[in-house]
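Read-outs: derived from the displayed coordinates by stated rules, not from any lab. These numbers come from a predicted model, not from an experiment. A quick note on method: Cβ atoms are made from the backbone with ideal geometry, for glycine too, and the neighbour counts reach across all protein chains shown.
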Amino acid sequence: MTSLALAAGAFVAMEAVRSLAHRFLMHGVGMVWHRSHHVPTGDRFERNDLFPLCFSAVGVAVFAIATTGPAVAPLFWVGVGITAYGALYLFVHEVYIHERLPVRLPRLAYLAWLREAHRVHHRFGGEPYGMLLPLVSRELRSRAAAGGVDPLARTSRAGRSGGGAGGGGGDVRAARRRSTRDARMRL
């Protein structure tokens, strides 16, 4: 039971760790890499993809430390929680929200809520920084509901072209370029 509690505790703690890292690292000194995510080029890979590689090193380190002796062996379960969070983050952010893999997924209310919160983050370049429990103020929700360009509109990422269900996508791409220009000014 202790092992499950350690894994669950690490998983839950990772939302706060990820939120703080996103706010202060990725939107701070790490913006050199993270900007590629907010101002996509349409390339298959972004500089921002280096962050998950760096963050996964923490999980690997925790697993490695857990093997050094019985006193630190419970860290194995902390590594399990960190890894589980990372896997769910990968699915939610890269596969579901940004549709970087060409797979069809069911539209679930919770995942749609996460996508909407992430859309607000991309549109305004600030809050929310969390991923699995993004807290969006009423004010931001109201501003986002006012309309404008969808910052998550599908582009040529992952080999797709066009603007999603509407086909062609020329207007979406032009609007995306304007949105990209505006995002560069905010960032």
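Which loop-located trypsin sites (Lys or Arg not before Pro) does the range 1-83 contain, where loop means any DSSP state but H, G, I, E or B and the Cβ has at most 11 other Cβ atoms within 10 Å? List each step's numbers first, then the result.
Values: sites: Arg18, Arg23, Arg35, Arg44, Arg47; in loops: Arg44.
Here the sparse-neighbourhood loop sites are Arg44.
Listing Ile97, Ile65 from fewest to most neighbouring C-beta atoms within 10 Å gives Ile65, Ile97. By other beta-carbon atoms within 10 Å, ranking Trp77, Trp113, Trp33 with the fewest at the front produces Trp113, Trp33, Trp77.
Residues Met14, Met26, arranged from fewest to most other Cβ atoms within 10 angstrom of their Cβ, appear as Met26, Met14.
Dividing the Cα convex hull volume of the range 74-116 by residue count, how many Å³ per residue is that?
On the way: hull volume 3.3 nm³, N = 43.
Taking only Cα atoms, the range 74-116 has a hull volume of 77 Å³ per residue.
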